[in-house]
Structures are given as C-alpha cells and as structure tokens.
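Undergrad: Provided herewith is a single structure, encoded as structure tokens, for subsequent inquiry.
The values are calculated or read from the model by the stated rules, or taken from the named source; none is laboratory data. Predicted model only: the values in this text are computed from it and were never measured. With ideal geometry, Cβ positions are generated from the backbone for all residues, glycine too; neighbour counts draw on all protein chains shown.
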Amino acid sequence: MKKIVDLISEDVKQAFASKGYEEKYGFVTLSNRPDLCQFQCNGALQAAKAYKKAPIIIAQEIADILKENARYKEITAIAPGFINITLSDEFLAGYLNGMRKEKDFGCEKEPNPMKIIIDYGGPNIAKPLHVGHMRSAVIGESLKRIFRFMGNEVIGDVHLGDWGTQMGLVIAELKRRKPDLVYFDDNYTGEYPDEAPFTLSELEEIYPAASAYSKENPEFREEAKKITYLMQNGHRGYMALWKHMQDVSVTDLKRIYERLNVSFELWKKESDAQPYIPDMVKYLKENGYARISDGALVVDVKEETDTKEIPPCMILKSDGATLYNTTDLATIVERMELFNPDQIIYITDKRQDLYFETIFRCARKTKLVNENTKLKFIGFGTMNGKDGKPFKTRDGGVLRLEYLIDMVTDEVYRKIMENRTMDEEEARKVAEKVGLAALKYGDLSNQISKDYIFDVDRFTSFEGNTGPYILYTIVRIKSILEKFKETGKTVNPGLEILEAQSDTERDLMLQITKFSDTIQGAYEEMAPHRICQYIYELSDKFSSFYHETKIISDEYDEKRQASLILLITLVQGILLTCIDLLGFTAPDRM
Ligand code: ARG
C-alpha cells in the first residue's frame with residue numbers, strides 16, 4: 001500500500017505538471033503546523049525561482065486544481081507560497097480501511113531483501129554482563145526485528161567472548177585457590193569430571209578478584225598469560241576448565257537473555273573463528289598485504305583523505321600471539337564462508353568506533369570480505385546515572401545487568417501493589433513484563449548514539465513518554481474490547497471505519513496513517529527511537545480521543561458502533577506490532 005504522503009504527492013505533482021511546471025515541485029511532507037493543516041507542499045516557493053513568477057500565484061494555481069479533488073477537504077495557498085493540505089474525512093477513513101485489511105497494515109517492504117548478520121550482545125564468558133552488554137542486546141534485538149519485518153533474512157549472532165586473556169586469569173586464580181584439582185596435574189591422562197569445579201556465583205566472583213590480583217602481582221599476571229597461551233594451544237586440563245566455564249556461563253546467559261526477551265539464531269564464539277586464522281595469515285602474507293613492523297605482523301589501513309591518525313591493523317603480536325583484531329577478521333572470513341551475507345552489522349559501545357573502522361578497512365583492502373558485502377558499525381552511547389556519569393552501583397562498582405532488571409521490575413511491582421488490584425503472584429508476572437518495557441523503552445526512545453540518563457522513577461512511570469504508558473494504552477483498549485464482547489454484540493464483517501466525528505478522532509486517524517512512514521524511516525535510519533516517538537504520539541492521541549468519546553453505547557447505530565470498535569482494534573494492532581519490533585510484550589492487565 002502506498003504511503004499516504006506519496007499518494008498526496010502524486011496528486012500535487014500532477015497538478016504542477018498540468019500547469020506546465022516540473023513535477024518535482026509537488027513534493028508533499030507532513031505539516032509542521034498541525035494546527036493549520038495536515039500536510040503541506042512548499043514546492044511553489046522553489047518553482048517560483050525557476051519560472052520567475054510570484055510563489056503565491058503558483059501556489060494558488062495548484063490549490064485551485066486540487067480543490068476539485070474529492071480527496072481533499074481543504075486546500076489553501078498561504079503567503080508567501082505554501083500550499084496547505086487537509087484530507088477529506090472520507091478519504092482518511094478509506095485509507096484506514098485499506099490498512100486494516102492489508103498484511104502488516106500495508107507497510108511496503110524492502111524491494112531488494114538482503115541476508116544480514118547482526119553481531120550483538122557480545123557477552124564474555126566468565127565475566128559478568130554489564131550495562132553496555134544490555135544496550136547492545138536491546139538495540140540489536142530491535143534492529144533485528146525491524147530488518148526482518150521489512151522482509152530481510154536476518155541472523156543474530158551473540159558472538160561470545162570466550163578466547164581472551166580473561167580465561168587465563170580465571171584459570172590461574174582457580175589454580176591458586178584449588179591447586180589439587182585434577183585439571184592442574186599435567187601428567188593426568190584420564191577423563192575429566194562432567195561437573196564443573198565451581199558454581200556460577202563463584203565464577204562471577206573469581207574474575208574481578210583475579211583481575212585485581214593480577215594488577216599488583218606481575219608473577220601472577222605472567223602465569224595467567226602462560227595459561228592462556230597453553231589453553232589456546234590445546235592443554236587438556238585447561239581446555240576442560242574452559243569448557244566448564246562455557247557451560248556454566250552460557251546456561252546463565254541464556255536465562256538472562258530470555259528475561260530480556262532477546263534471542264539469537266547463532267551462539268557462535270570467538271574460538272570458532274580460530275581455525276580460520278592460519279590460512280588467513282598465510283593469505284595476507286602471500287598476497288603482500290601484511291608487513292612486519294617491530295616484529296609484529298600488520299596491515300596498513302590509512303588512507304590519504306584521513307584527517308586523524310589511523311594506526312595499522314595488527315594481525316599477530318611480535319610473540320606470535322593473536323589479538324581481538326585477528327579474531328574479528330577471521331570471523332569475517334568464517335561468516336563469508338558459512339553464510340555469504342550481503343551485510344554484517346556490529347553493535348557495540350561507540351568507543352569501539354575506531355577499532356571497527358580499522359577492521360573494516362583491513363577486510364576491504366585485503367578482500368577478506370566480498371566486495372558487495374557491506375560492513376556497518378553501530379556505536380551506542382553510555383547509560384549514565386542521574387549525576388551524568390556512567391552508571392555505577394552504590395559502592396562504585398560496575399552495575400551488573402541483572403540487578404538493573406531487578407531494580408526496574410521491583411519498582412514496577414511496588415507501583416502495582418500500591419493499587420492492590422491483583423494478587424502478589426500475578427503482580428510479579430505483570431511487573432516482569434512492564435519492567436522490561438520500562439527498561440527497553442527507556443533505552444530505545446533515545447537516539448542510539450546518544451548518552452542517556454537512567455532514571456528508574458521516570459522510566460517506570462505510567463504516564464508520559466514511557467514503556468508502561470504504551471502498555472497501559474494497549475491494556476485499556478483490550479479491556480474495552482472485552483467489555484464490548486460482554487454486551488453480546490459483534491461487528492458485522494461488512495462494516496467499515498467511518499468518517500471521523502470529532503477533532504480528536506480525526507487526529508487519531510491521521511496518526512494511524514503514519515505507520516508505514518515510521519517503520520520505513522526507522523528501518524532506513526536504523527532508528528528504533530522513531531517507533532517509540534510514533535507510538536507515544538499514537539497513545540496520546542488515543543487518550544485524548546478516549547476521554548471525550550464513549551466507545552460503547554446503546555445510543556449508537558450498528559454502523560457507528562462497529563466503526564469505533566474497528567478503529568480501536570486497529571490502534572491496538574499497530575501498538576502491538578510496534579512493541580514487538582521494540583522487543584517487548586504487553587500483559588493482559590496492569
Ligand atoms: N565481547 C566484546 C565486549 O565485551 C564485544 C564483542 C563485539 N563483537 C565483535 N565482533 N567484536 O566488548
């Protein structure tokens with residue numbers, strides 16, 4: 001289904017053409033004065049220059065033609081040369097009936113669907129998840145859903161960090177604490193136990209302890225490095241411990257992601273890319289892409305147009321060790337081989353911007369990536385506390401992701417219990433859903449690249465631009481529809497949405513028509529916040545309409561009653577679709 005602005009543009013373009021002007025001047029946009037009109041065309045101002053005429057004369061000529069068209073209730077030419085456009089109520093209602101009957105409310109999809117890998121989440125085994133990982137997961141999940149909705153094939157990959165020095169640190173610390181474990185006996189040749197020699201909470205406590213200890217103890221640091229090296233080169237005992245760490249971590253990660261309503265098609269790991277490294281290094285050397293610099297193997301990636309210094313991309317350190325870089329390049333090779341995607345999108349903290357720029361340049365220059373495959377980095381801003389500084393726990397530590405979810409959920413629970421309309425068990429379940437909406441909406445309603453302030457009170461408020469407010473609207477519509485059902489009446493299938501009978505009804509209807517525009521915009525700009533803005537306005541317009549309109553009444557004839565029910569059903573459907581694209585769900589009541 002065509003977007004409503006495009007339909008109107010067609011008419012206005014035709015009008016320009018019929019008066020001998022170039023069609024392009026008939027370009028229509030949403031009105032920036034909604035108090036005066038619904039849409040506007042500013043083309044007469046530009047045409048005036050090209051045709052050396054007064055803009056208002058051209059605007060008036062076009063207005064005179066459009067006035068004849070039944071689609072429009074009001075067309076006015078306004079000095080110096082604007083054309084203000086307001087749709088007829090009949091056309092507006094007709095458009096909504098079209099939307100209502102089409103799949104996905106008539107949103108036009110991507111004409112050239114792509115195969116896209118989204119690399120998001122990026123948790124590290126044996127290290128606790130933190131807020132940055134939450135942002136990556138929340139943003140990535142939403143973008144994945146938006147891309148998929150638009151008709152693309154999208155594969156989400158969690159890209160687990162299981163290959164870094166953190167593994168060696170944890171093993172070294174474990175060795176210090178429990179030196180008698182069979183894993184540390186280099187002469188042992190038997191099977192290792194199925195059960196891990198540590199619990200999850202132990203594992204979570206070990207990493208920070210080991211990391212702190214290594215800072216003051218160089219010997220320990222060396223030991224950890226050695227262990228990392230041995231583990232990466234197949235030491236049996238260390239490999240077995242590494243496997244245990246994976247199992248324990250992944251089970252927990254899956255649980256947390258489930259709580260976040262985030263899911264991955266792929267659970268690939270950094271270690272999966274390691275087998276690709278030897279051939280890749282050989283290829284880079286043999287084709288003259290890599291050179292030795294201070295003993296290290298590097299690829300130069302700077303370009304003439306650079307305004308800042310872009311360091312070479314290091315492939316191997318002077319001791320032959322691989323780096324985060326090496327793994328990411330090998331992962332590109334792996335992804336090309338396994339999936340041959342049209343695009344790979346990476347979502348991390350924007351501080352990794354330069355890092356990815358280097359990787360992308362290196363992959364392009366050395367043709368590790370297919371020429372037609374796009375590589376795209378999306379960097380997000382920091383979530384700050386009310387003091388404007390990165391969010392920390394009270395004792396100054398990095399806030400663990402799960403505490404954050406609990407904090408928001410508990411606050412919602414408290415708010416629900418204040419009203420005491422449900423028992424504790426139900427309230428807990430509802431709070432989990434509403435809390436997640438609060439958290440995700442609080443995040444996604446900001447432009448991705450911007451820092452934002454985490455404010456539990458504001459995020460969990462049932463009023464204003466918040467997740468709970470959107471859910472509240474959905475729940476309210478649901479209860480009206482249930483009440484309608486209870487009256488025993490039904491909507492006769494032949495009936496339609498009728499012309500608006502009030503300003504608030506018309507405003508609501510107009511807002512609905514902007515659905516496709518919003519989703520396409522969010523897709524093209526990779527901007528979920530546009531969806532948030534749209535549903536916030538939609539909820540607000542619904543609220544104004546609802547406050548002055550009785551939705552169910554015996555005084556209505558069958559047609560009017562059906563029209564109102566169809567209208568709010570459409571609002572509900574659109575809201576549900578949008579929150580699904582943002583990655584949260586609505587409770588039955590709240
Ligand atoms: N594990 C990394 C971190 O915690 C993020 C991984 C991002 N993805 C990638 N392909 N490098 O910072």
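Undergrad: Does Gly521 fit the bill of being in a helix (DSSP H, G or I), surrounded by fewer than 16 Cβ atoms within 10 Å (Cβ to Cβ) and in contact with a helix residue (DSSP H, G or I) (Cβ under 7 Å, 6 or more places away or on another chain)?
TA: Yes, satisfied.
Undergrad: Could I ask something else about it? If you take the residues of region 316-346 that are out of contact with any Lys or Arg (no Cβ under 8 Å at 6 or more places or on another chain), outside any helix (DSSP H, G or I) and aliphatic (A, V, I, L, M), which of them is surrounded by the most Cβ atoms within 10 Å (Cβ to Cβ)?
TA: Ranking the candidates gives Leu316 first.
Undergrad: Still on this structure, please answer the following. Can you run down the residue pairs with Cβ atoms below 6 Å, 6 or more apart or on separate chains, where the first is in region 342-358 and within 20 Å of Ser142 (Cβ to Cβ) and the partner is within 12 Å of the ligand (Cβ to nearest atom) and β-branched (Val, Ile, Thr)?
TA: Qualifying pairs under 6 Å: Ile344/Ile117; Ile345/Ile118; Ile347/Ile378.
Undergrad: Which residues, taken from region 490-518, are in a helix (DSSP H, G or I) and closer than 30 Å to Pro111 by Cβ?
TA: Scanning region 490-518 gives Met509, Leu510, Gln511, Ile512, Thr513, Phe515, Ser516, Asp517, Thr518.
Undergrad: Considering only residues that are within 11 Å of the ligand (Cβ to nearest atom) and among the polar types (S, T, N, Q), which ones fall in region 315-359?
TA: Asn325, Thr327, Thr331, Thr348, Gln352
Undergrad: Mind checking which pairs have a first residue in region 111-140 that is acidic (Asp, Glu) and a second that is within 9 Å of the ligand (Cβ to nearest atom) and in a loop (DSSP other than H, G, I, E, B), Cβ under 8 Å, 6 or more apart or different chains?
TA: Going by the 8 Å Cβ cut-off, the qualifying pairs are Asp119/His159.
Undergrad: Output the helices (runs of 4 or more DSSP H) that fall wholly within region 86-188 and possess 2 or more residues being buried (at least 17 other Cβ atoms within 10 Å of the Cβ) and within 14 Å of the ligand (Cβ to nearest atom), or say none.
TA: Passing ranges, in order: 131-149, 165-177.
Undergrad: Check Met231 against each of (1) touching a helix residue (DSSP H, G or I) at 6+ places or on another chain (Cβ under 7 Å); (2) at pLDDT 95 or above and name the one condition it does not meet.
TA: Here Met231 meets the rest and fails (2).
Undergrad: Look through region 545-582, keep the residues that are of a type in the set (Asp, Glu) and either within 13 Å of Ile497 (Cα to Cα) or in contact (Cβ under 8 Å) with a residue 12 or more places away in the chain (or both), and return whichever of them is surrounded by the most Cβ atoms within 10 Å (Cβ to Cβ).
TA: Asp580
Undergrad: In the set Leu241, Leu230, which member is touching a Phe, Trp or Tyr at 6+ places or on another chain (Cβ under 8 Å), buried (at least 17 other Cβ atoms within 10 Å of the Cβ) and without any contact (Cβ under 8 Å) to a residue 12 or more places away in the chain?
TA: Exactly one residue qualifies, and that residue is Leu230.
Undergrad: Somewhere in region 27-42, is a residue at pLDDT 95 or above, over 27 Å from Phe105 (Cα atoms) and surrounded by 14 or more Cβ atoms within 10 Å (Cβ to Cβ)?
TA: Checked region 27-42: at least one residue is at pLDDT 95 or above, over 27 Å from Phe105 (Cα atoms) and surrounded by 14 or more Cβ atoms within 10 Å (Cβ to Cβ).
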